[in-house]
Amino acid sequence: MSNSVDVKQETAALLDKLGVARDAWTGGDMVSYSPVSGEAIGQLKSVSAADTNAAIDAAHEAFQAWRLVPAPRRGELVRLLGEELRAAKADLGRLVSIEAGKITSEGLGEVQEMIDICDFAVGLSRQLYGLTIATERPGHRMMETWHPLGVVGIISAFNFPVAVWSWNAALALVAGDSIVWKPSEKTPLTALACQAILDKALARFGSDAPANLSTVLIGDRFIGEAMVDHPKVALVSATGSTRMGREVGPRLAKRFARAILELGGNNAGIVCPSADLDMALRAIAFGAMGTAGQRCTTLRRLFVHDSVYDQLVPRLKKAYESVSVGNPLETSALVGPLVDKAAFDGMQAALAAAKVEGGTVTGGARVVEAGKDTAFYVKPALVEMPKQAGPVLEETFAPILYVMKYSDFDAVLEEHNAVAAGLSSSIFTLNVQEAERFLAADGSDCGIANVNIGTSGAEIGGAFGGEKETGGGRESGSDAWKAYMRRATNTVNYSKALPLAQGVSFDIE
Ligand code: NAD
């Protein structure tokens with residue numbers, strides 16, 4: 001591993017290029033560290049609770065103007081945002097790699113995802129359709145209309161520091177909402193860069209867009225809590241751990257605010273006797289080791305049929321032993337660093353607990369260059385487990401893949417679903433009965449269920465999210481936009497009588 005790139009200097013140059021003012025990330029109290037080298041790369045100024053309240057009041061004012069701008073015109077702003085993102089892709093992708101530790105192609109891929117959701121949202125801005133519904137009353141018309149909702153609060157996690165914002169922001173903006181974003185305290189610089197990019201689009205868009213349509217609030221979880229509790233935030237879309245969701249969900253419920261909760265996953269794959277093992281091997285390797293195991297959709301549990309176990313697992317172990325771990329800014333590495341020491345400690349604790357449950361560990365050791373002990377690179381770990389127990393039942397946000405044997409399909413489906421999270425899942429099989437059963441009502445209980453594709457790497461066109469302790473929220477494509485709008489059912493009487501529904505009569509005089 002080499003630190004030949006001067007991370008600090010490059011960050012400064014990228015922020016300048018992306019149009020982030022120097023005083024926004026120097027001299028402040030909140031330090032951003034690069035997982036690449038472990039060094040401080042920015043010192044941002046945290047906002048106070050009072051600043052947060054003022055920003056939300058201002059965003060609410062912006063909403064009142066923005067909701068009156070026709071939706072296709074709102075789409076034009078998002079089209080311009082997509083253009084600005086295309087122009088900034090290389091720089092923003094690099095900044096994501098520096099601040100979140102992603103390998104180069106994944107940093108760029110994350111920005112591509114932002115561009116894709118902008119394209120999707122532009123089309124959507126002309127397709128915010130409501131239904132016309134048959135009415136039982138003569139001379140009446142019934143319909144649904146979709147109206148802007150209000151201020152949308154976005155809370156995001158470190159591991160998708162920019163894409164998650166864009167999934168929410170692009171939809172919210174075409175829906176006619178204003179946005180307030182509290183990014184992860186681990187990745188605030190990329191958030192400033194996103195706002196600077198949106199500011200460029202806003203400058204080109206012109207005066208239809210009110211001031212304070214989008215605000216970034218730099219701060220810790222307490223700023224998130226202030227946002228969650230503010231009565232003028234109509235919807236909070238919160239991405240992060242299940243622990244966070246457990247705090248945010250009830251607070252929002254208390255004031256009847258809307259919530260999109262995108263929380264932790266404990267995703268599994270099943271490899272059946274008929275599986276294409278070459279394909280499965282590649283999908284498992286990317287799903288389990290990609291992004292250093294720090295995706296919500298990372299493959300964490302693998303059930304392999306005992307008839308193919310000895311063909312697949314030794315090959316997988318070999319892949320684990322040979323995978324290149326190192327500086328993500330250098331193109332050869334496939335696995336970058338863990339985000340910080342806490343992530344490394346969590347991984348080691350889970351591996352120790354797995355051993356207690358009878359697990360046999362391949363990999364998992366720290367990779368450290370002499371004198372460079374402030375970054376946390378680690379060999380991904382494959383753990384053969386006698387059964388699903390202990391740490392296998394929980395999400396450890398690190399590259400650990402627990403591998404288990406199975407012999408009975410019904411039993412493995414039950415095991416598959418026997419965890420608290422319900423985000424992503426996949427099956428590798430060429431047997432149509434197994435594939436269809438996995439996708440059926442009594443199959444995988446996850447929000448994402450795939451056949452012959454790994455658990456991670458979703459496209460923006462589908463609704464993204466999961467069940468159970470993953471929170472139940474849906475973002476991104478399909479009809480996820482409906483959460484960002486207010487539905488009104490309208491009935492118009494164009495007759496000269498007043499028939500009541502269900503034949504009720506109420507004749508006065
Ligand atoms: P985290 O829960 O520590 O933090 C996420 C965000 O929530 C941060 O911005 C944090 O400041 C904020 N926050 C924490 N407590 C809060 C509170 N009480 N009130 C308001 N805001 C609060 O998560 P992380 O370590 O940044 O990210 C990793 C976790 O996120 C993993 O569990 C991963 O599975 C999950 N994740 C889920 C998805 C998804 O779409 N389901 C996507 C990415 C990450």
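The values are calculated or read from the model by the stated rules, or taken from the named source; none is laboratory data. Given the structure is predicted, the values throughout are model-derived calculations rather than measurements. Note: ideal-geometry Cβ built from the backbone for every residue, glycine included; neighbour counts use all protein chains shown. Side chains are part of the model used for accessible areas, which takes the heavy atoms of the whole protein and leaves out ligands, DNA and RNA. Shrake-Rupley method; radii C 1.70, N 1.55, O 1.52, S 1.80 Å.
Before moving on, here are some points about what is shown:
- Annotation note: trypsin sites (Lys or Arg not before Pro) in segment 194-272 located in DSSP loop regions with a Cβ neighbour count of at most 12 within 10 Å are Arg255.
- Vicinal HN-Hα couplings computed from phi for segment 14-21 (Karplus, 6.51 cos²θ - 1.76 cosθ + 1.60; Hz; Gly/Pro x): 5, 5, 4, 4, 7, x, 8, 5
- Accessible area of Asp373 in the full protein assembly, 1.4 Å probe (Å², nearest 10): 100 Å²
- In a DSSP loop and with at most 14 other Cβ atoms within 10 Å, the trypsin sites (Lys or Arg not before Pro) in segment 331-403 are Lys387.
- Of the chymotrypsin sites (Phe, Trp or Tyr not before Pro) in segment 227-318, those whose Cβ has at most 16 other Cβ within 10 Å and which sit in DSSP loop: Phe256
- Projecting the alpha carbon convex hull of segment 181-323 along each direction and taking the average yields 12.8 nm².
- Helix axis angle, 104-124 relative to the chain longest principal axis, alpha carbon, degrees: 20 degrees
- Linear extension gain, Lys45 paired with Ala441, 0.36 nm per residue minus alpha-carbon span: 137.6 nm
- The largest accessible area among Ser476, Ser48 belongs to the first residue in Ser48, Ser476, and the rest follow in falling order (1.4 Å probe, all chains).
- Between the Cα long axis of helix 242-254 and the first principal axis of the chain there is an angle of about 20°, rounded to the nearest 10.
- Taking each DSSP H run with n ≥ 4 as -39500 (n - 2.57) and averaging over every residue of the chain yields -12500 deg cm²/dmol at 222 nm.
- Counting only protein heavy atoms and a 1.4 Å probe, segment 267-463 has 40 square angstrom of accessible area per residue.
- Within the accessible surface of segment 267-463, defined with a 1.4 Å probe on protein heavy atoms only, the carbon and sulfur portion equals 53 percent.
- Each part reduced to its alpha carbon centroid, segment 104-164 and segment 223-274 end up 18 Å apart.
- Segment 1-110 - percent relative contact order, Cα under 8 Å, separation 6 or more: 26 percent
- DSSP finds beta bridges in segment 267-463, and of those with both partners inside it, around 25 percent are antiparallel.
- Taking 1.002 mPa s as the viscosity and 20 °C as the temperature, the Stokes-Einstein diffusion coefficient of segment 413-499 based on its alpha-carbon Kirkwood radius rounds to 138 µm²/s.
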